[in-house]
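The values are calculated or read from the model by the stated rules, or taken from the named source; none is laboratory data. All of these numbers come straight from a predicted model, not from anything done at the bench. Don't worry about glycine lacking a Cβ; one is built from the backbone with ideal geometry, like all the others, and counts go over all protein chains shown. Just the protein is used for accessible areas: all its heavy atoms, side chains included, with ligands, DNA and RNA removed. Shrake-Rupley method; radii C 1.70, N 1.55, O 1.52, S 1.80 Å.
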Amino acid sequence: MYIEEVKPEMKLPETVRIFDTTLRDGEQTPGVALTVDEKICIARKLDSLGVDTIEAGFPAASPGEMDSVRRIVDLDLDANTCGLARVLREDIDAVIDCGADYIHTFIGTSPLHRKYKLKMSPEEIIDRAVFGVEYAVEHGLSVEFSAEDATRTEFDYLVEVYRAAEDAGADMINVPDTVGVMIPRAMNHLIRGLRDEIKTQISVHCHNDFGLAVANSLAAVEAGASQVHATINGLGERAGNAALEEVVMALITRYDLPITIKTTELVNISEFVSKITGVRMPPNKAIVGENAFAHEAGIHVHGVLEKAETYEPITPEMVGHKRRIVLGKHTGANALRSKLQEYGIDMNEDQFCTLYEQVKRLGDKGKRITDADLRAMAVTILGKATREIVKLEGIAVMTGESVMPTATVKLRIGDEIKTTSMTGVGPVDAAINAIQSLVSETADIELDEYNIEAITGGTNALAEVFVVMSDAEGNKATGRSTREDIVMASVEAVLDAINKILSLK
Ligand code: KIV
Ligand code: ZN
């Protein structure tokens, strides 16, 4: 609604090309180094995602880079395969040697780069830029020219540089915000200014030093930029580059631009790149983060279950994600019922209340309950003995180095309260021995099988204990419990099985 009101003020292009630089700037992420095979896998995925151009690497940087760019060129992908080069003959030759037909060539233009990095006059830099572009054009390459640190370069000089590159035959003028210093309004202003001065298509390359890379890229598009450089998961130097998944989804859904990216592949490629690079995404990462379509709060879940748009701006399916109803302390009864329905678990009202209380209790302790946790808890409650002939009234366990693990257990058996202490090889064994000793006065029940499993990782994971017990008459029963404390889970599972056997009598 509000977007439509401001659209007439924009100079939106008809479409926006997506130039992916995951394999070049993305690989410059500190700590990331990809093998040739890994780069090839990513390149194939980027191609099937539908990006227009893949910047495959910087061939002059090393023989390894050269090899990977060459091998990606050899894949003959639908996307353009581009190599990066300084405006130097040897760098450009390296791109040509790889067989690429698209080059991204650059030179620093800001006062800082002129004085400290290049030690060149403004005129010399223009000469070098013209040489590089002309040389690449003469060798039949499509040429994209970048004025590195453009956003800290004097406007008039920047125009001079870009005009010279344009006259030398550049096909695309790229505007790098090399150290991410822009704000959206300034980016919009700069691109509008450049559009008035040059005829060639304009591209932007925004870094994320202030978390504004995506916003600045979009502001540039609003001013008429028709290409955006981006990386999967926003990888890149320092704080990274504009995140491709965010740029693409904003362009499609906020600006209604016809971007030909297979958006349903976004989560898949994000996870793949995250695994391969070892750079994990924060759970709250937009579009592809684990929580991007997760709902915990009771009111939100109620809304989402009634009509997803209440708390979701786009559907998770659109980006290949899944909606997740996360259970925790904010979980409402509606969310829990819908989860049980999802798993086809029928419960009576008492069982449901028990489960709901458990979820709230764990949530209050700060535990996030996974789907696997919930299923295990529900199965435990469903399978619980209906009569509690033996009830735990209290338990204390002591364990440690050079002390005998000992458990003191207090049980109500029928109307009687009984207490005993027993030792064991560990606290679980000691507790089970104590229970068996107290129950043996009523029935001789043996433990046949004991299984324990941590449902999810972490030291506070829920433990699921499953036991099989039998009595002297051959009656068998299973017992199950799910708790964070393995001693309590074991005690509850054993009592569950004992109560089932005693109920048969
Ligand atoms: O950030 C930057 O300026 C770059 C250049 C190579 C264009 O990555
Ligand atoms: Zn960059």
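Worth pointing out:
- Where Phe155 falls short, out of the listed (1) within 15 Å of ligand 2 (Cβ to nearest atom); (2) surrounded by fewer than 18 Cβ atoms within 10 Å (Cβ to Cβ): (1)
- The set of residues in segment 70-96 that are within 13 Å of Tyr135 (Cα to Cα) and not small (Gly, Ala, Ser) comprises Arg86, Val87, Leu88, Arg89, Glu90, Asp91, Ile92, Asp93, Val95, Ile96.
- Spans of helices (runs of 4 or more DSSP H) in segment 1-117 with at least 1 residues more than 26 Å from Val279 (Cβ to Cβ) and within 16 Å of ligand 1 (Cβ to nearest atom): 89-97
- Residues within segment 121-151 that are assigned to a helix (DSSP H, G or I), within 16 Å of ligand 2 (Cβ to nearest atom) and open to solvent by 10 Å² or more (accessible area, probe 1.4 Å), tallied: 1
- Qualifying residue in segment 16-25 (condition: in contact (Cβ under 8 Å) with a residue 40 or more places away in the chain, surrounded by 15 or more Cβ atoms within 10 Å (Cβ to Cβ) and more than 16 Å from ligand 2 (Cβ to nearest atom)): yes
- If the condition is being buried (at least 24 other Cβ atoms within 10 Å of the Cβ) and modelled with pLDDT under 85, then segment 480-505 contributes no residue at all.
- Taken over segment 277-308, the criterion of being among the charged types (D, E, K, R) and under 22 Å from the mean Cα position of the chain (by Cα) is satisfied by Arg280, Lys285, Glu290, Glu296.
- For Ala223: the one exception among (1) assigned by TED's automatic domain parsing to the domain that holds Asp177; (2) closer than 30 Å to Lys329 by Cα; (3) touching a helix residue (DSSP H, G or I) at 6+ places or on another chain (Cβ under 7 Å): (2)
- Any hit, segment 169-180, residues being in contact with a strand residue (DSSP E or B) (Cβ under 7 Å, 6 or more places away or on another chain), surrounded by 18 or more Cβ atoms within 10 Å (Cβ to Cβ), in a helix (DSSP H, G or I) and hydroxyl-bearing (Ser, Thr, Tyr): no
- Within segment 220-245, restricting attention to residues that are in a helix (DSSP H, G or I) and under 20 Å from Ala186 (Cβ atoms), the residue that is farthest from ligand 1 (Cβ to nearest atom) is Glu222.
- Of the candidates Thr109, Thr105, the single residue that is under 20 Å from Asp52 (Cβ atoms), open to solvent by less than 20 Å² (accessible area, probe 1.4 Å) and within 16 Å of ligand 2 (Cβ to nearest atom) is Thr105.
- No other residue among Ile202, Ile269 is under 26 Å from Ile103 (Cβ atoms), of a type in the set (Val, Ile, Thr), away from ligand 1 (no atom under 16 Å from the Cβ) and open to solvent by less than 10 Å² (accessible area, probe 1.4 Å) apart from Ile269.
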